[in-house]
Every structure is written in C-alpha cells, then in structure tokens.
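Only one structure is covered here, and it is reproduced in the block below.
Every number here is computed from the coordinates shown, using simple stated rules; none is lab data. Keep in mind the model is a prediction, meaning the values are calculated, not measured. Reconstructed Cβ throughout: ideal geometry from the backbone, glycine too, with neighbour counts over all protein chains shown.
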Amino acid sequence: MLAMAMKLTSFLQFLLFLTTLVSCDGQVLFSGFTQSSLDLDGSAIVSNNGLLDLSNGTAILNGHAFYPTPLHFRKSPGGNVQSFSVNIVFSMINAYPDLSADGMAFFIAPTKNFSDARAAKYFGLLNEKSNGEPSKHIFMVELDTYKNAELQDINDNHVGININSAISLQSQPSGYYEDDGGVFKNLMLNGNKGTQLWVEYDEGTTQIDVTLAPINVGKPSKPLLSATYDLCTLLSNSTPPPLEVSKLPKLPFLGPKPQSKLLEIILPIATAILILSIGTVLILVVRRKMKYAEVRDDWEREFGPHRFSYKDLYHATGGFKNKHLLGEGGFGKVYKGVLPLSNVEVAVKRMSHESRQGMKEFVTEVVSIGRLRHRNLVQLLGYCRRKGELFLVYNYMPNGSLDKCLHCEEHNAILNWAQRFRVMKGIATGLLYLHEKWEKIVIHRDIKASNVLLDGEMNGRLGDFGLARLYDHGTDPQTTHMVGTKGYLAPELLRTGKASPQTDVFAFGMFLLEVACGQTHVKKNAEGDEIFLVDWVLEHWNKGLLTRTLDCRLQGDYNIDEAYLVLKLGLLCLHPIPSSRPRMREVMQYLDGDMPLPELRPTQLSLNMAAMMKKNGLTTSVVSYPQILSSFDTISGLSGGR
Ligand SMILES: Nc1ncnc2c1ncn2[C@@H]1O[C@H](COP(=O)(O)OP(=O)(O)OP(=O)(O)O)[C@@H](O)[C@H]1O
Ligand SMILES: *[C@@H]1O[C@H](CO)[C@@H](O)[C@H](O)[C@H]1NC(C)=O
Ligand SMILES: *[C@@H]1O[C@H](CO)[C@@H](O)[C@H](O)[C@H]1NC(C)=O
Ligand SMILES: [Mg+2]
C-alpha cells in the first residue's frame, strides 16, 4: 500500500494539466483536477479551470498533491510490484526568467506526512538527515532546473530516477530522442511550454523508463533514461492507513456504488414526494366531494332518471357565473347552460329552499310534470338537490321571455300583432292541456308575461308551472301565504288561498290585456297617477275608444276583429265571479272563432261586478289586496254614474 503524489519546490510555477496512471488498480485519468479530490498541502491549489498549481513562484515554498487513496502496486501481499505507467502533462512557468530554480518530482511514498521535509534541493520530500535513508521507501522521478553540485547534479536542466535520495540513481539532461533517426533534442524544463512525462515500470525486467516530449509530439519510442531497480524491495508492505471514505473520488471503480448513493438521496425525496402527492390528492378529493355534494333521500330513488348531478349542472353553467345569468325572478336565479356529453342547451333555475317540508310532494310533482310533453309548454328535464338548494332544469328558450319583448325599448324586438295573437292562442292551448287534457288537473298558479317563453319559431311556451305549489303547501287557509304575482291574483284566491283552474283563467285574462296593450297591469295615466290596466281598458270601452288601448308600438297595424276579441275576452276572464269566467275550453273556442263571444257591454260587466261584490259582502276589510279592491271601486263608481 503506497501513496503516490507530485511535489515541487519553487521559484517556478508548476502546472499539471493531465495525468494518467495505469496500475493493477486499473486506470486513473484526470483531465483537469476539478473533480479529482486530490489531497493538497503547502502551496498547492487546484485553480477554477482545473489546473493543479503546485506553487506560485515565491521562493522556498513547497506543495504536494496526493492521490487521495492508497494505490495497490501488488496484487496480493508479498506478491510482485505490478507493472505500471504514468503519464503527466506539466508546465513550469518561470517567474524570474534569468534565474534558474528548483523543480518538481513525481513520487511514490508510503505516507502523506512531509511536514519535516525541506523545499528546494530536497524537493519537499527529504531533508539533510533523511536523505538516503532506506526506511523512507520513496521512489521519485525528479525534474530539476538547478545544479546542486553536492547532490551530484549533472546540470541545471536534468531528469533523474531517485530511490530514497535527492542524489539520482540515473539522470540525463532534459530532452527526447526523435523517433525519426534517433536525434536527441534538448528540452528546457522551465521553458513555459507544455511538456509530457512518462514513467513506466516493467514487472518482468524491473526496468524503469522515463520519457519526455513536448506536448504536441507523441511519445518517443526511445526513453530518455532507464534504470533497473526491483521496486519490490522499495515498496514494502506497510500497514495501510485507514480508508477515508468521504475523500474517495467519484470514480466508478473506486467510489461507492453509484446506485446506492443515488438511492440514498432519491429514496427519501421520492418518499416525501409520494406522501405529499397522496396528501394533496386526498385534500383535492375531499374538497371536490364537498364542492359537488348533493342531498339525496331514499324516496328519490324512483326518480333517478330525472335527477341531474350537481357536478354536471355546475360545469354546464360555468360554475353558476353571472356571465351565464339569464334573469332573476321571485324564486331564484336562472342560468343558461350546455349539458356535458349531450350538448343540450338548458336553463337552470337555482332556488334556495331551506325546509324539507313539502319537498317530497314537490319533487314528485316535478317529476310527474316532467312527463308532460306539449309544444306550448317549456319542457322540464329534471331537478337536483343540494343542502338548502333546489335546481330545476328546463329546455333553453332562445328567444327569451315575452315580457322582455313587450316592454323593451328596442324597436326590432317588438312583436307584431300576428305574432302576439299566435302566442296568446299557443298559451291558451298549453293551459287547456294542463287543465283538461292530461291525466290529472294541473294548475299553473303563476301565469304572466315573464313565464311565457318564446322558442326558436316564436311559439309561446308556458314555463314555471306548478312551481308556486312548492311554497304553497299549507293546509290552513289562515296561514297560507299567497304565492303568485300581484295583479294576476283572482279575488277569491286572496280570500280562500285556494288555487283553481278559474284562478289561472283570471291570470290569463290579465296576460291577454298586457300583451294587447303592451302595458303592465299597473300603468301611469296622463296625470302621472298610477291606475290599473283593467280600469283603464274598461273606461276606454265605456267611451267607445277601445282600440286606443292597443299597444301604440303596433302603429295601428293589427286585425281589428282579433283585437276586440282579445280585449273583451281578457276582461271576461278577469270577471270577479269565478263561475262567470269562461273555462279554457271556451277560451280556445272564442279565440279560434268557433264560437262568438257572449254579447256584453262595459256597463253590464261593471254592474255585475258591483252586484257580485255586494252579494259576497266583499269589503275592504275582507280583501287584503288594495289594488284589486280599488279596481272594483272604480267599476262601481262608473256604474253609479249611470
Ligand atoms: N327556459 C328558459 N329559457 C330561456 N330563458 C329563460 C328560461 N326560463 C327562464 N328564463 C329567463 O330567466 C328569467 C327569470 O326567470 P324566473 O322564472 O326566475 O323569473 P320570472 O319568470 O320573472 O318570475 P317567477 O319567479 O315568478 O317565475 C326570465 O325572465 C327569462 O328571461
Ligand atoms: C504565494 O503563496 C505564498 C504562501 O502560500 C504567499 O505568501 C505569497 O504571497 C504568494 N505569492 C503570490 C505572488 O501570490
Ligand atoms: C508528521 O510527522 C511529524 C514528525 O515526523 C510528527 O511530529 C507529526 O505529528 C506528523 N503529523 C501527522 C498528522 O501525523
Ligand atoms: Mg318564471
């Protein structure tokens, strides 16, 4: 077990570029020393670009560079020293060109401790006392640029093979033999040039060859000098110093196995990443579950096909963003959406609903209503429930609700008479279907312009049927809170709280007047006072000016017979006595012209109303709906004037 190193003394800067060592340990190659982990002492440093800089040109310095781990020169203890070869590229840069200085040496020694060695002529490896001492076990090849006569130096530019001593066993002036003709060429060691040095030992012949050449010349076949010396006697088996594992260079055959190092680092990182990602995924899954959580009860199982998942509705409406908002009504907001997969356009009504009371009845009704199919009804596709929320999913109606067409300012959005008449007939057809044509009577409860929607072909379609019922499930009329819309509520509905087909007819009458007149049920008169549409129409009829009530935006372009029919039918439907209102079947016949409207005069209608009110003891204290009452007052006032 031996250490191998380079050393030098000074006045010169010694640079090594490249080292190759082939021994029984295999091959060590340093192309630059940045990654080499060489052990350095004294003035030796490895510069940033990988040069090994043994000294810096200051006098009487020494520096060593040791291969970090002991190298094996014998295959087995007691065996022969194996053949080896070393190739070094070096340069000596002369700090003072006129002065010659000392030099450097390649050496093999059993220790890295040269603290008591001297610089200059002893190369930092020996001193006056230890020079020539056989116990040193030092093999060295010196590159000397100073002539020390007492050490038998041949000149101030020579190369020598030394054993335990600064006095060479063999030495030659520095130079090389050209391969071509064998001419000897002189080589200045401190010529600031890159120079190669080869040191070779042959196990069989015990011959040591030392060869030199400029960096750009290949290795000469004839060595500069040779000596025969059996290194077995020199490189004895000393107890090897303990391996300093942490200092081992990172070379595949000497360093620890790369995989184990990799595992040591990668395994904990991979484990940490795995745990982190599992945690993240768990959190995401839980958050997602919470985000899309729904309420499902056992009784809903049978309604499975009509049930939408909240997740689908959420994605369909882009997360219920305002961008997708179609409008807001008494029950909640309506969003436009496109169902994933099927790409069906839908309108999703999002209602807050805290109580579960009546929910079962309502959902049952929603589902049964979902089975209704009619071209004048907005198709209800299904529903979804969450905590405190209920969602109803309808077919999307591209032309929006009728109220927007009636009351908006844009001229091109205004419906002409033919379109209005068609929509009125369509809604009458839809309502007749709900009242009479289906397996059971369905009361709409909330007929008004905003619940009439227009499909792609401008057909009127009734929406929101049955919805009022969800909020109207009380059994005690005293506590029943009225649902529906002001102005559309029949007087008996206000008294009893009981919806019937006839209360729908009342609301339909108001709808007819609103569509024909292009007004809401309360309007401002010329003086700016609020008056009721019914009163206003009756008043004009009384004066024989009924056509003046028609929407001025029609610009006189209407069918006069149809207009009279609609206005009178509207008033008839608004009759305070439920039994005096026509049924939807009759309304259809009037509108289709299959039956003439009964002959009635405004005074007759007013007198009837007044009489009815007296008969029913209808007074302000009983009816809590002031505007309807005041409309009756006006009617009776009119009759009194007669
Ligand atoms: N199926 C649908 N297709 C297209 N737009 C719709 C649809 N349903 C509703 N809308 C739009 O959403 C708006 C709000 O509807 P919503 O039913 O919530 O309120 P409303 O009809 O004004 O009052 P109410 O709550 O009494 O029904 C409507 O005015 C209409 O423009
Ligand atoms: C060379 O190194 C020695 C000690 O390592 C230092 O004292 C000296 O200043 C250095 N000289 C130069 C020129 O860097
Ligand atoms: C090096 O050798 C010297 C004397 O030969 C000794 O005093 C010193 O302790 C040694 N240093 C180490 C680190 O072994
Ligand atoms: Mg509505």
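Just a few scattered comments:
- Mean Cβ neighbour count within 10 Å, used as a protection proxy, ranking 199-205, 503-509, 158-164, 175-181 highest first: 503-509, 158-164, 199-205, 175-181
- Taken about its Cα centre, region 2-233 carries a charge dipole of roughly 260 debye when the Cβ of each Lys and Arg holds +1 and the Cβ of each Asp and Glu holds -1.
- Here the gap between LYS440 and LYS498, fully extended at 0.36 nm per residue and compared with their Cα-Cα distance, gives a gain of 19.2 nm.
- Other residues lying with their Cβ under 9 Å from the Cβ of TYR177 contribute a combined charge of 0, Lys and Arg counting +1, Asp and Glu -1.
- Neighbourhood charge, 13 Å Cβ-Cβ cut-off, centred on ASN186 and excluding it, Lys, Arg +1 and Asp, Glu -1: 0
- Other-chain or far-sequence residues with amide H under 5 Å of GLY382's (modelled H): VAL393
- Nearest-20 debye value, region 298-395 charge dipole, Cβ charges on Lys, Arg, Asp, Glu: 220 debye
- Whichever aspartates and glutamates have a C-alpha closer than 15 Å to that of LYS219, once near sequence neighbours (fewer than 8 apart) are set aside: GLU178, ASP179, ASP180, GLU200, ASP209
- A simple rule links phi to the HN-Hα coupling: the Karplus curve 6.51 cos²θ - 1.76 cosθ + 1.60 with θ = phi - 60°, which for region 125-139 gives 10, 9, 9, 4, 6, 7, 4, x, 6, x, 6, 6, 6, 10, 9 Hz, with x for Gly and Pro.
- For SER43, distant residues with modelled amide H under 5 Å away: ASN62, GLY63, HIS64
- In Hz, Karplus ³J(HN,Hα) per residue of region 388-395 (6.51, -1.76, 1.60; θ = phi - 60°; x = Gly, Pro): x, 9, 10, 10, 10, 10, 10, 4
- Entries in LYS291/LYS440; LYS333/LYS498; LYS147/LYS193 that, when Cα-Cα distance is taken, lie over 31 Å: LYS291/LYS440
- If R0 is taken as 30 Å, the Cβ-Cβ distance between HIS315 and ILE265 corresponds to a FRET efficiency of 0.10.
- Peptides ranked, highest mean first, by Cβ atoms within 10 Å: ranges 68-75, 368-375: 68-75, 368-375
- Furthest towards positive pole of dipole, TYR177, ILE138, GLY79, structure part region 2-233, Cβ charges: GLY79
- Positive end of the dipole of region 298-395 (Cβ unit charges, origin at the Cα centre): among VAL367, SER342, SER309, the Cα lying farthest that way belongs to SER342.
- 3J(HN,Hα) couplings calculated from phi for region 587-597 with the Karplus curve 6.51 cos²θ - 1.76 cosθ + 1.60 (θ = phi - 60°) are, in sequence order, 3, 4, 5, 4, 5, 7, x, 7, 9, x, 5 Hz; Gly and Pro show x.
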